[in-house]
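Structure record follows, encoded as structure tokens.
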Amino acid sequence: MNSLTFNINLFAALQQMFQYQFMQHAFEAGTLVAIIAGIVGYFVVLRRSSFAAHALSHIGFAGAAGAVLFGISPVYGLLLFTTVGGSMMAALSPRAAHRDVHIGTVLAFMLGIGVLFISLYTGYATEAYSILFGEILGISNSDVLLTLVAALIIISIIAVVYRPLLFASLDEDVAEAKGMPTFLLGIIFMILVAVATSIAVQVVGVLLIFSLMVTPAAIAQQLAKRPHHVVIISVAIALMATWLGLFTAFYEPYPVSFFITSIVFVLYLLVRFVYRRIRPLKVSQASFQNAA
Amino acid sequence: MTITQRQIIPSPVQPKVITAEKLIAGYEDNIVWRDANFTIDRGEFVAVIGPNGAGKTTLFRLLLGLQRPAGGTIKLFDSEPKRGNPDIGYVPQRHLIDSETNVESLELVHLAFCGHRWGFHLSAKTGRKAALVALEAVGATELAHQSLNALSGGELQRIFLAEALVSNPSLLLLDEPLANLDIRRENDLLQLVNNVVRSRSVTALLIAHNINPLLSFLDKVIYIANGKVATGRPKEVLTSEVLSALYGVHIEVLHDSRGNIAIVGIEEHHGDE
């Protein structure tokens, strides 16, 4: 992005940027990933499964490295490993989110396998680097297509399971007593996370998955109390960070994922420490209790 | 199911809400209690008391169809309990909502109304209305837009009660709703449950450690201890003679000047926690 200079005319700047096909692909894939990560991320935060999501991306790393070794696109390896790994996590312990030690043990092992695959691979070390930290500027046409298909699948599944999954995430015991399939919902949730993780790795990489899958939803949860509002804000934050990150990286010679993680982190700090202080005070609880 | 309707239609023969005959709870290799025989009628307020680990929650699990009896029979409205019975409103035992869960009360109650339905629903008017009615019934209208993580223990229990009531059940199962409440909130909540029971002719089973705050409201007590179950009107069951005969050891039921009781000889401390 080197010798290009920023054009103050935003329209001209965008026009200049979209002359490059890799920028087009990056924006297309980045947009899809941000939408998906923003939605799935809310459920990850609500179910307190962020460690499981983090672990899934590491399991995916082994898959991606394996795929590279066999000369196929890393995203297929990611999809295979995360889907199998996610379903197993959900099946083995219905409340997998709390089994930190087991998940940690498995994720370290999977990362080890990934390292083995990478060392067996005789090509360039940049492959490993791009899996770990994302390489959105290297996305091909077929990658975009695959991302689109994955995104459509995730959105249609969520459209069907939205309310049951929300209720089971909020109040699992009551959901179970009401005869809802909480076990099945747990597996569906992990598969959603698996697919979302696999496509998000293209943008931010295995190690930085939190920045799109968890942080935007965590920020949004501070700003709204109604689930669909939180989801919309979460998607908006993920989108803004991705677009702004891509835009900046076009002009500055630093990685896109660095910009995305930084933008999200600054927002997190702002909401966490500034917004909490300035937001309107709640209705006094004491007065209500006395009245009752 | 409509929320506003379902009036009480008095019928000559009221079916029993719960009938237990020679009921054995637990699993074959691990019996929790046995030989329970009791009936619960419509509109009764029943306390389930007993020491920790005696199998009070197990009774709820049997009624919810989450567990099968190890022997004997249990009938709910003349049929076997099955999972997902919309006639039951259940408040499980739980301590706190995660402090990060920033979801407003109305949404939780609303989801308890429609959360089992698949697919999307753009107009959520009926559900929201039902949720507001349930919140009003527990005197928590003002809490509708408050976040769950900002509520006190007593307020949370009201919301959970609204969550259980929103589907208009005829049986309420409340597992330790008084835990973590101070005496005043304890009494407020019991008044509230009592009002619901009397005004809607709902049957309520409430698990508690200490029977004393409940005594003035109760129709029946189910006393579970040492693998056995005693049921009846509190004054009839909670006597030294009845309990001693049931358990085969000397048990004394003590009364103080304010009418509080303490059961001595079966396990210490459960009378006054």
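What the table shows:
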| read-out | value |
| --- | --- |
| Angstrom value of the Kirkwood radius, inverse mean 1/r, which spans all Cα pairs in the range B:76-218 | 15.7 Å |
| Simple spin-label estimate for B:D29 and B:R258 in nanometres, 7 Å along Cα-Cβ | 4.8 nm |
| Percentage of interatomic Cα-Cα distances in the range A:144-292 larger than 27 Å | 37 percent |
| Neighbour-count order for B:F160, A:F70, fewest beta carbons within 10 angstrom listed first | A:F70, B:F160 |
| Directionally averaged projected area (convex hull, Cα atoms, the range B:175-273), nm² | 6.5 nm² |
| Sparse-neighbour loop sites [GluC sites (Glu not before Pro); the range B:100-162; at most 12 other C-beta within 10 Å; DSSP] | B:E100 |
| Label point distance in nm, B:S240-A:L92, each placed 7 Å from Cα along Cα→Cβ | 5.8 nm |
| Two-decimal ratio, the protein assembly as shown, of alpha-carbon radius of gyration to 2.2 N^0.38 Å | 1.16 |
| A:I113 versus A:F18: modelled label distance in nm, points set 7 Å from Cα along the beta carbon direction | 4.2 nm |
| Debye log10 I(q)/I(0) at q = 0.06 Å⁻¹ for chain A, Cα point scatterers | -0.21 |
| Helix-only mean residue ellipticity at 222 nm for chain B, each DSSP H run of n ≥ 4 adding -39500 (n - 2.57), per residue, nearest 500 | -8000 deg cm²/dmol |
| Gyration tensor (alpha-carbon) shape descriptor, the range B:147-196, a/c threshold 1.5 | oblate |
| Residues B:W118, B:W33 arranged by fewest to most Cβ contacts within 10 Å | B:W118, B:W33 |
| Paramagnetic reach from A:I8 (point 7 Å along Cα→Cβ, amide N under 20 Å) across the range A:241-260 | A:248, A:251-252 |
| Cα-only Debye scattering, the range A:76-181: base-10 log of I(q)/I(0) at q = 0.23 Å⁻¹ | -1.31 |
| Using a Förster distance of 56 Å, the FRET efficiency for B:R198-A:I72 (Cβ separation, nearest 0.05) | 0.20 |
| Chain B: C-alpha pair distances exceeding 31 Å, % | 28 percent |
| Rg ratio (alpha-carbon, reference 2.2 N^0.38 Å) - the range A:139-181 | 1.70 |
| Förster radius 51 Å - calculated FRET efficiency between B:D41 and A:S262 (Cβ-Cβ, nearest 0.05) | 0.20 |
| Within the protein assembly as shown, percent of DSSP bridges classed antiparallel, to nearest 5 | 55 percent |
| √(5λ) per eigenvalue of the Cα gyration tensor, the range B:134-224, largest first, Å | 21, 16, 11 |
| Principal semi-axes in Å for the range B:79-152 [√(5λ), Cα gyration tensor, largest first] | 22, 18, 14 |
| MRE, 222 nm, helices only [DSSP H, n ≥ 4, -39500 (n - 2.57), over chain A, to nearest 500] | -25000 deg cm²/dmol |
| Sites B:R233 and A:H228 - FRET efficiency at Förster radius 51 Å, r taken between beta-carbons, to 0.05 | 0.55 |
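No value in this document is a laboratory result; all are computed from the given coordinates. Small disclaimer: the values here were computed from a predicted structure and weren't measured. Don't worry about glycine lacking a Cβ; one is built from the backbone with ideal geometry, like all the others, and counts go over all protein chains shown.
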